[in-house]
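Worksheet: one structure, shown below.
Please treat every number below as a calculation from the coordinates, not as lab data. Predicted model, so just to flag it, every value in this text is computed and none were measured. In this analysis, Cβ positions are derived from the backbone assuming ideal geometry, glycine residues included, and neighbour counts consider all displayed protein chains.
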């Protein structure tokens, strides 16, 4: 069983662009603002358009002053075992190297399509390299609004429990069909 140190888990979000059209305002920022307004969950939100920018913010997320931001919310377009940062592909192994082994007590959520549609060995290797509490996210193509709704439910459930197994059981009990539709996975060692 994996346990978080606290019930309240603030969110550190790094987000890519969803469209090539800079007038398109789609963003998971609305998810974070909703959670702040309705559950008083603090957040940090940063846009990333390059691999270097992503690496910088991932390192920032690990600073001691952000230790209460134990949910790392990675919101990008994705492919199996990868996220798309601008025009670049970053795979789970590369993300693990950017993060290093300092993700103790971190829940890493991929708000991405397809990223966790990969062999469980890749996900577990990512967990071992980062020492994260757990990794969760989607394995299928998802509609933006549906993904955001599920992200709200997930962030809310993560506040209720320290035991990650309890969160997983709650998802199975109340949101099984929704989670299946999105190919949602929650993996821990």
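Could you grab me the full set of residues in the range 16-34 that are over 15 Å from the mean Cα position of the chain (by Cα) and either without any contact (Cβ under 8 Å) to a residue 40 or more places away in the chain or crowded, with 19+ Cβ neighbours inside 10 Å (or both)? Once the filter is applied, which keeps residues that are over 15 Å from the mean Cα position of the chain (by Cα) and either without any contact (Cβ under 8 Å) to a residue 40 or more places away in the chain or crowded, with 19+ Cβ neighbours inside 10 Å (or both), the range 16-34 yields 19, 20, 21, 22, 23, 24, 25, 33. Could you figure out which of (1) surrounded by fewer than 19 Cβ atoms within 10 Å (Cβ to Cβ); (2) in contact (Cβ under 8 Å) with a residue 60 or more places away in the chain; (3) farther than 29 Å from residue 40 by Cα isn't true of residue 183? Here residue 183 clears every test but (3).
Output yes when any residue across the range 85-100 is under 24 Å from residue 29 (Cβ atoms), part of a loop (DSSP other than H, G, I, E, B) and in contact (Cβ under 8 Å) with a residue 60 or more places away in the chain, and no when none is. Yes, there is a match, as at least one residue in the range 85-100 is under 24 Å from residue 29 (Cβ atoms), part of a loop (DSSP other than H, G, I, E, B) and in contact (Cβ under 8 Å) with a residue 60 or more places away in the chain.
When restricted to residues that are farther than 18 Å from residue 154 by Cα and part of a loop (DSSP other than H, G, I, E, B), the range 101-140 contains 8. For the range 162-170, the count of residues that are assigned to a helix (DSSP H, G or I), touching a helix residue (DSSP H, G or I) at 6+ places or on another chain (Cβ under 7 Å) and over 20 Å from residue 32 (Cβ atoms) is nonzero.
Within the range 67-81, being touching a helix residue (DSSP H, G or I) at 6+ places or on another chain (Cβ under 8 Å) and either over 17 Å from residue 53 (Cβ atoms) or in a loop (DSSP other than H, G, I, E, B) (or both) holds for 71, 81.
Hey, among 13, 48, which residue is in contact with a strand residue (DSSP E or B) (Cβ under 6 Å, 6 or more places away or on another chain), touching a residue at least 60 places away in the same chain (Cβ under 8 Å) and crowded, with 20+ Cβ neighbours inside 10 Å?
Values: 48 fails: touching a residue at least 60 places away in the same chain (Cβ under 8 Å).
Residue meeting the stated conditions: 13.
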